[in-house]
Every structure is written in structure tokens, then in C-alpha cells.
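I have a structure I would like to understand better, so I am pasting it below and will then ask my questions one at a time.
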Amino acid sequence: MKYDIKDLKLAPQGKLKIEWAGSQMKVLRLIRDRFAKEKPLSGIKIAACLHISSETANLMLTLKAGGADVTLCACNPLSTKDDIAASLVKDFGIPTFAISGEDKKTYYKHLTAALDTHPQITMDDGADLVTLLHTERKSQLKEVIGSSEETTTGMIRLKAMLKEGALKIPVMAVNNSLTKHLFDNRYGTGQSTVDGILRATNILLAGKKALVCGYGWCGKGVAMRLRGMAANVAVAEVDPVKALEALMDGFVVRTIKDAIKDNDLVITATGNKSVITVSDLKKAKDGIIVANTGHFNVEFDYEGIVKAAKSRRTLRENLEEITFEGDKKIFVLAEGRLVNLVTAEGHPPDVMDMSFANQALAAEYLVQNKSKLKVGIHTIPAQLDQMIAQLKLESLGISIDKLTEEQKKYLSSWQEGT
Ligand code: ADE
């Protein structure tokens with residue numbers, strides 16, 4: 001078996017973490033048990049480019065239980081948990097190509113290794129594998145049934161590909177499922193971002209002035225959880241509707257250029273690039289902490305910051321002090337890479353349970369509909385989305401009410417009024 005990981009000796013620790021995460025992923029467990037019996041992915045080669053976490057490991061085990069032949073590579077050079085990668089290889093025989101801290105060349109070498117397996121299904125978190133498939137591996141496109149995409153940033157890229165006529169395969173937009181973005185993006189990113197900031201800095205959030213850039217589902221979660229820790233939260237947005245939503249959710253809405261001058265902490269969650277420039281940071285409050293929780297490390301200009309720095313020191317793991325001319329200091333977390341996955345462990349297993357239930361069902365759906373699905377972006381059927389929510393509730397021991405026949409009839413009729 002081919003693989004490229006940091007150290008196989010880390011496997012025992014990784015195995016225990018995979019087991020613990022699995023115990024919190026009850027919906028995925030049900031799918032895994034069914035997959036083990038029905039083998040819906042029998043003989044299907046899957047290449048997955050995801051964050052290498054204990055939660056992802058449980059998804060890989062589910063796909064494998066379904067009969068798939070899976071290969072895994074990292075979707076981010078810094079988010080890999082090396083002990084998980086080791087256990088995937090040693091304990092579960094899953095070819096894994098991922099080393100935490102790998103350089104860009106190694107990162108792409110690992111993606112290439114995943115595509116070398118000639119997958120029929122690809123899975124992405126950020127659309128890097130699908131992009132490589134459509135650029136350097138075009139000849140393999142005809143072998144591919146379809147792909148699935150986990151994240152908002154990946155969806156932005158896929159929509160651009162579709163618009164340009166560049167997309168050549170069907171893609172399941174896992175991020176579109178309600179049981180994905182309403183929970184993973186909001187509560188997952190919210191909690192894990194705060195977790196990442198705290199692990200990197202150990203600061204007290206109560207009373208701090210924090211600016212959240214972007215009020216999509218991720219930004220909403222981050223702002224909500226920072227407020228929960230008694231930070232004084234402002235939101236910056238470019239979309240007037242979202243800005244209004246932030247305002248009426250009780251946040252102060254400000255422009256970045258204005259808020260950066262007096263905030264203690266700024267977090268980007270936009271999915272866009274150049275949100276905070278070096279020139280903004282030179283005017284920022286002295287000692288401001290700067291972090292990104294968006295998928296790519298382009299939301300603020302880390303390389304520009306490094307170039308403009310008079311001096312740099314690493315004070316704690318993933319906490320870098322940057323001093324500009326005039327002795328203004330800023331503190332940058334995780335080199336601008338997504339803070340929740342680099343300095344913490346990403347979203348907790350209980351929420352990845354639903355995201356990865358969607359991924360597993362998306363793979364099954366691709367196989368079941370392989371000759372029918374058109375090139376383009378597809379959403380997982382609403383019944384499956386509802387089923388995941390229902391199973392999650394059941395796993396939490398929660399029952400909900402059901403519509404009576406009279407109510408169903410009323411909701412599908414129009415004659416009854418005042
Ligand atoms: N994305 C965010 N959190 C994650 C996690 N724990 N595992 C995999 N992908 C993630």
C-alpha cells in the first residue's frame with residue numbers, strides 16, 4: 001500500500017481519538033452499519049481530499065464499510081492531524097497522503113497521488129481535487145461518476161467553473177444540505193474558531209472588542225459564540241441584507257477600516273480574498289490579534305505582512321508577533337490558515353456527524369444515479385436531508401410532533417381562509 005504520512009508510531013494515539021469521535025457520530029454509525037450490510041459502494045474507487053481529522057477518519061471507515069476503495073489526501077497543508085493519518089494507514093489500511101506542515105509542492109504531490117488511483121468518485125473540501133482533475137488530469141474525467149463538495153468556498157469555485165462551461169462532471173453540493181450548513185458552518189465554525197483562538201492565545205474574551213468580517217453562516221456562528229463569551233462584537237459585511245441581519249441580531253455593524261482601529265481581535269470568515277490589507281493592519285489598534293477562519297489563507301495578506309514586518313517572533317505555537325516600523329505590533333494566528341482547524345481540532349464530531357452523513361449519502365446517491373445525473377451542481381434530495389435531521393434527533397433522544405391528517409390537508413389546500 002502506498003502512503004505518505006509523518007510517522008506510523010503515532011497510530012495508537014490516533015486510533016483512540018478516532019474511536020472517541022466515532023462514539024459521538026451516531027448518524028454516521030447507522031449509515032456505516034447499513035453500508036456494511038448492503039455494500040452500496042462495492043468496488044468503487046473514491047479519492048477524498050479533506051481535512052485529516054478523527055471525524056474524517058470515521059467517514060473513511062463508513063465508505064470502506066460500504067465496499068469502497070478509498071484514498072485520502074489533505075485539503076489543507078496545516079490542518080492534518082498526523083496521529084490520525086498514522087492510524088488510518090496502520091490500523092485501517094487506508095492509503096493516506098498528508099503531513100502536517102507540508103509545503104505547497106508536497107501538498108500537490110499528495111493530491112496527484114490520490115488521483116493516480118483513478119477514482120470514480122472524488123470528494124473535496126475546497127475544490128482543489130476537482131480543479132486538478134479538470135486541469136492536469138482531464139483524461140481521467142471520463143472515468144469519474146461524480147464528485148462531492150463540502151464547503152462554501154468550494155461551491156464558489158464550482159459555480160464559477162459551471163458558469164464558464166469548465167465543469168465536466170456532476171457534483172453533489174453537500175454544503176447545500178440544511179443539515180450541513182445550518183449546523184456545521186454555524187455551530188461548528190462558531191465553537192471551533194473560538195476554541196482555536198483560545199488554544200493559540202489563552203486570552204480572556206470577556207470585555208474584548210472583536211470584529212467578525214463576514215456574516216454568512218460561519219460568520220454568524222463566530223459572532224454568536226464570541227458574544228456568548230462576553231466579547232463586544234462588531235460585524236463587517238459587504239451585503240446590505242446580511243449587514244442588516246447582523247444589526248438586528250444585535251451586533252454593531254462597522255466598516256473594517258473603521259473598526260480595525262479600536263478592536264482587540266479581528267477574524268475573517270468571508271470566503272473572499274484581500275479582506276484585510278497590510279495597510280489596514282498598519283493602522284490597526286496596537287496589539288490586535290488577527291485570525292482567519294475562512295477556507296483559504298487569502299482573506300488577509302499574510303505574505304504581505306511578513307514582507308512589511310520589521311521583525312517577527314513566534315511567541316507560542318501558531319501565535320506570531322509582527323512588529324512594523326514605528327513599533328506597532330500585531331499578533332497573527334496560524335499564518336492566516338483556518339484557525340479552527342490549525343490551532344484547534346476543527347468542528348466537533350457531533351456536528352461533523354451530519355456533514356459526513358451527507359457525504360456518505362452523496363457517494364451512495366452518485367453510484368445509484370450514475371447514468372442519470374447531468375453535468376452540473378446537484379443538491380442532495382430533501383428527503384435525505386430530513387432523514388439525517390430525524391436520525392440526529394433520535395440519537396439525541398428527542399421526539400417531535402407529527403402533523404395530523406387534518407393539518408396535512410389544510411396545508412395542501414387553499415379554500416379555507418378567514
Ligand atoms: N471541517 C471543519 N471541521 C472539520 C473536522 N473536524 N473534520 C473534517 N473537516 C472539518
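All other residues with a Cβ under 12 Å from the Cβ of Gly376 taken together, and with Lys, Arg as +1 and Asp, Glu as -1, what is their net charge?
Here the charged neighbours net out to +4.
Now, a different point. Which entries in Lys9/Lys90; Lys109/Lys374; Lys285/Lys328; Lys105/Lys273 show an alpha-carbon gap greater than 20 Å?
Violating the 20 Å Cα-Cα cut-off are Lys109/Lys374; Lys105/Lys273.
A further question follows. Give the accessible surface of the chain per residue, rounded to a whole number of Å², with probe radius 1.4 Å and ligands, DNA and RNA excluded.
Accessible surface, normalised per residue, equals 46 Å².
Could I ask something else about it? With the cut-off at 1.5 for a/c, could you classify the stretch 164-259 from its C-alpha gyration tensor as rounded, prolate or oblate?
prolate
Also: Output wanted: per-residue J couplings in Hz (rounded whole) for the stretch 410-418, from phi through Karplus 6.51 cos²θ - 1.76 cosθ + 1.60, θ = phi - 60°, x for Gly and Pro.
Result, rounded to whole Hz: 4, 5, 9, 10, 10, 6, 7, x, 5.
Here is a further query. With both partners inside the chain, how many of the DSSP beta bridges are antiparallel, as a percent to the nearest 5?
20
Moving to a separate point now. In whole Hz and in residue order, list the ³J(HN,Hα) couplings for the stretch 10-24 that follow from phi through the Karplus curve 6.51 cos²θ - 1.76 cosθ + 1.60, θ = phi - 60°; x for Gly and Pro.
7, 4, x, 5, x, 4, 5, 5, 5, 5, 4, 4, x, 5, 9
Further question: Once each part is reduced to its C-alpha centroid, what is the distance from the stretch 4-54 to the stretch 297-359 in angstrom?
If you average the Cα positions of each part, the centres end up 27 Å apart.
Next up: Could you compute the net charge surrounding Ile5? Neighbours are other residues with a C-beta less than 12 Å from the C-beta of Ile5; K and R count +1, D and E count -1.
Charge balance near Ile5 sits at 0.
Roughly how many Å is it from the Cα centre of the stretch 198-263 to that of the stretch 77-100, as a whole number?
Using only Cα atoms, the two centres lie 35 Å from each other.
Taking only Cα atoms and a 10 Å spring cutoff, compute GNM fluctuations for the chain and point out the largest among Gly326, Gly22, Gly14.
For the chain, modelled as a Gaussian network with Cα springs under 10 Å, the answer is Gly326.
With θ set to phi - 60° and the Karplus curve 6.51 cos²θ - 1.76 cosθ + 1.60, what are the ³J(HN,Hα) couplings of the stretch 233-244 in order, to the nearest whole Hz, using x for Gly and Pro?
9, 10, 10, 10, 9, 10, 8, x, 5, 5, 4, 5
Let me ask something else about it. Can you list residues from other chains, or at least 5 along the same chain, whose modelled amide H is less than 5 Å from the amide H of Ser177?
Ile380
Where in the stretch 75-92 does the label zone of Lys9 land, with the point 7 angstrom along Cα→C-beta and an amide N cut-off under 20 Å?
Answer for this model: 81-92.
For Ile288, which sequence-distant residues (separation of 5 or more, or a different chain) have an amide H within less than 5 Å of its own amide H, given hydrogens modelled in the peptide plane?
It is Phe331, by chain and number.
Mark the label point 7 Å from the Cα of Lys261 along Cα→Cβ and return the residues of the stretch 285-325 whose backbone N is within less than 18 Å of it.
Backbone N within reach: 285-289.
Taking all protein chains in place and a 1.4 Å probe, what share, in percent, of the accessible surface of the chain do carbon and sulfur account for?
With neighbouring chains kept in place, the figure for the chain is 54 percent.
Tell me the net charge near Ala113. Cut-off is 9 Å between Cβ atoms, Ala113 excluded, with +1 for each Lys or Arg and -1 for each Asp or Glu.
It works out to a net charge of 0.
The values are calculated or read from the model by the stated rules, or taken from the named source; none is laboratory data. All values reported here derive from a predicted model rather than from experimental measurement. Virtual Cβ from ideal backbone geometry, glycine too; neighbours counted across all protein chains shown. The accessibility values were calculated without ligands, DNA or RNA, using every heavy atom of the protein model including side chains. Shrake-Rupley method; radii C 1.70, N 1.55, O 1.52, S 1.80 Å.
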